[in-house]
1. Considering only residues that are part of a loop (DSSP other than H, G, I, E, B) and either closer than 23 Å to G286 by Cα or of a type in the set (D, E) (or both), which ones fall in segment 128-141?
2. Residues in segment 480-490: is at least one among the small types (G, A, S), within 31 Å of the chain's Cα centre (by Cα) and under 23 Å from D444 (Cβ atoms)?
3. Here's a check for you: in segment 92-127, which residue that is open to solvent by 10 Å² or more (accessible area, probe 1.4 Å) and in a helix (DSSP H, G or I) is farthest from N171 (Cα to Cα)?
4. Taking the residues in segment 367-404 that are without any contact (Cβ under 8 Å) to a residue 24 or more places away in the chain and not small (G, A, S) as candidates, determine which candidate is farthest from L429 (Cα to Cα).
5. Of all strands (runs of 3 or more DSSP E) completely enclosed by segment 513-581, which ones contain at least 1 residues that are open to solvent by 30 Å² or more (accessible area, probe 1.4 Å)?
6. Does at least one position in segment 170-189 carry a residue that is in a loop (DSSP other than H, G, I, E, B), open to solvent by 40 Å² or more (accessible area, probe 1.4 Å), within 20 Å of E242 (Cβ to Cβ) and in contact (Cβ under 8 Å) with a residue 24 or more places away in the chain?
7. Going by the structure shown, is Q252 in contact with a strand residue (DSSP E or B) (Cβ under 9 Å, 6 or more places away or on another chain), assigned to a helix (DSSP H, G or I) and more than 30 Å from Q439 (Cβ to Cβ)?
8. Restricted to segment 262-276, and to residues that are farther than 22 Å from A320 by Cβ and not hydrophobic (A, V, I, L, M, F, W, C), which residue is surrounded by the fewest Cβ atoms within 10 Å (Cβ to Cβ)?
Amino acid sequence: MRKMFGLSAAISAAALALAACSDSESQGPADQARAVSSPQVAESALTQVNNFSADPFWNNATIYFMLPDRFYNGNPDNDLSYGRKNDAAHMRGFLGGDLRGVIQKLEEGYFTDLGVDAIWMSPIIENVHGYDEGDKRTYAFHGYWPKDWTNVDANFGSEAELAELIEKAHNKGVRILMDVIINHTGPVTSEDPLWPADWVRTNPQCDWSSFAQNVQCALTNNLPDILTESEAPVELPSQLVEKWRSEGRLEQEQAELDAFFARTGYPRAPKYYIVKWLTDWVREYGVDGFRVDTVKHTEPEIWAVLKKEASVALAEWKAANTDKKLDDREFFMVGEVYHFGVNNFANSDGRFYDYGDRKVDFFNYGFDSLINMGFAAHAAQDMESIFSTYSGILHGGALEGVSVLNYLGSHDDQGSFDRERKQVKSAALKLMLAPGAAQIYYGDEIARPMIDEQAYGDASMRVPMDWSSLQNASTSDVLRHWQKLGQFRQSHLAVGAGVHQQISAAPYVFSRTLDNDRVMVAVDMPAGEKAVKAGEVFAEGALVKDYYSGTETRVTNGVLTFDTEFDILLLGAPEQAELSANQ
């Protein structure tokens with residue numbers, strides 16, 4: 001790391017002593033996790049439940065998820081780096097999107113207009129250079145095939161551009177979540193050798209029948225599995241040593257590793273190297289949080305270690321960059337636990353994920369939130385069924401005190417909702433008005449196609465953004481719909497973090513309440529003049545804004561009357577609530 005600034009890797013003895021003192025005085029979850037040694041103790045630790053108090057900001061946040069390669073091409077000069085070729089199967093090679101493209105859309109205000117609170121990009125670290133033939137000829141355009149955790153992949157841009165992106169996002173009030181991997185390396189290709197045997201395994205392949213058959217096994221026959229159960233010290237892979245030497249940064253990287261292991265006391269086992277490399281991005285550039293990949297396929301204790309080290313790193317960055325930090329929030333971590341979801345979806349049991357022979361509460365290991373993989377299935381229900389169920393579970397139910405991130409579609413969920421894009425507006429209402437945080441999958445907001453008949457497998461769901469489609473009136477109308485919902489969420493944390501209450505079934509009217517923040521929503525209203533009883537939500541005489549039309553009126557005799565062309569009312573105080581997403 002630190003290639004951008006060319007800083008010395010030397011760390012003073014005083015700084016190391018201070019860091020070591022801080023570690024020795026703080027016995028957090030990571031320390032407790034490292035202390036677990038016997039199988040009996042480990043199993044007990046895995047099933048304990050701790051109480052939490054979730055941050056309303058992250059309970060309500062709108063998070064925009066993109067594959068940078070498929071978003072916007074800001075620099076055509078980096079479209080094929082490292083000798084990569086334009087010979088992949090359909091939709092399975094690099095198409096040119098990059099960090100410069102994300103920066104340009106930030107500068108244009110695209111994310112601001114959409115009410116986005118945070119951007120989650122699929123991994124931008126350097127991936128394998130070659131291709132894999134496991135699912136037809138495929139290059140690592142998606143970012144999930146690591147080669148070097150310390151470098152930005154040249155197809156996406158440079159470390160300097162990542163730093164610029166984070167700074168400009170913060171200037172816009174947008175946080176950045178990095179997508180991180182500890183579970184596996186990229187596949188072996190003609191350009192990318194297998195990592196050493198004391199770092200990875202290639203067999204057995206997981207059969208998903210138990211905890212061990214999810215964790216101590218390879219996910220596929222082409223993804224070498226990091227030996228995350230190991231505490232044994234190992235040397236750096238020779239291919240990484242040679243790579244860093246050729247790049248002129250071997251001594252720097254080795255010195256930083258020496259300092260990290262001296263400060264923390266962790267053994268030089270593979271997982272701790274990766275923790276160091278991942279948290280460097282936080283320490284150097286102020287990354288606000290991680291989206292963690294393949295969570296259930298790794299022993300949960302390492303996630304507590306990652307959270308601890310990332311929290312230390314962000315605190316250091318904020319202390320050194322008081323003029324650049326957005327707030328004093330702690331580091332945020334959301335996990336992908338495949339088949340975990342609200343209302344005991346699939347393998348879920350409340351907060352637990354059930355492996356069959358063991359249950360794990362991942363919220364107990366550093367996670368502030370988990371992706372709700374059940375929402376794509378639940379979205380087929382009516383709004384009240386979804387909203388009342390979710391509110392009951394998140395407020396006083398099994399998920400009290402923790403956060404979930406809902407989504408309609410994703411890059412690898414074949415069960416994504418409305419892939420045919422026939423319900424784009426009603427689907428947006430369900431996602432953006434549901435209790436919990438909302439993940440917009442890039443292109444949801446413009447009805448980007450989620451089906452490509454020529455593409456094989458999950459590549460069908462990874463079609464690039466068609467920015468020219470915004471010239472069509474129908475596409476622009478869909479985007480404006482999403483923008484209004486996003487602005488409403490961002491102005492009032494009660495939308496996602498508040499308690500839900502149905503007021504009327506027909507037309508459908510409901511309220512959300514979070515402390516002093518109150519909102520109302522009415523759908524299926526008549527176009528033109530319309531009135532709703534609001535006395536139970538807003539005080540008599542209170543000025544109330546309809547965030548869908550932008551008009552304002554006052555409560556008169558307990559009633560709000562509007563005259564708009566729309567059949568939707570998104571009602572809240574016109575000034576940003578005390579607990580708004582921008583605070």
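The values are calculated or read from the model by the stated rules, or taken from the named source; none is laboratory data. Since the model is a prediction, treat every value here as computed from it, not as a measurement. We place every Cβ from the backbone using ideal geometry, glycine too, and count neighbours over all the protein chains shown. Accessible surface areas use protein heavy atoms only, side chains included; no ligands, DNA or RNA. Shrake-Rupley method; radii C 1.70, N 1.55, O 1.52, S 1.80 Å.
1. Those that are part of a loop (DSSP other than H, G, I, E, B) and either closer than 23 Å to G286 by Cα or of a type in the set (D, E) (or both): E133, D135.
2. Checked against the condition, which is being among the small types (G, A, S), within 31 Å of the chain's Cα centre (by Cα) and under 23 Å from D444 (Cβ atoms), segment 480-490 yields at least one hit.
3. In this case the residue turns out to be R100.
4. Per the stated criteria, the residue is E400.
5. Per the criteria, 517-523, 528-533, 543-546, 552-554, 559-564.
6. Checked against the condition, which is being in a loop (DSSP other than H, G, I, E, B), open to solvent by 40 Å² or more (accessible area, probe 1.4 Å), within 20 Å of E242 (Cβ to Cβ) and in contact (Cβ under 8 Å) with a residue 24 or more places away in the chain, segment 170-189 yields at least one hit.
7. No, not satisfied.
8. So the residue we want is G265.
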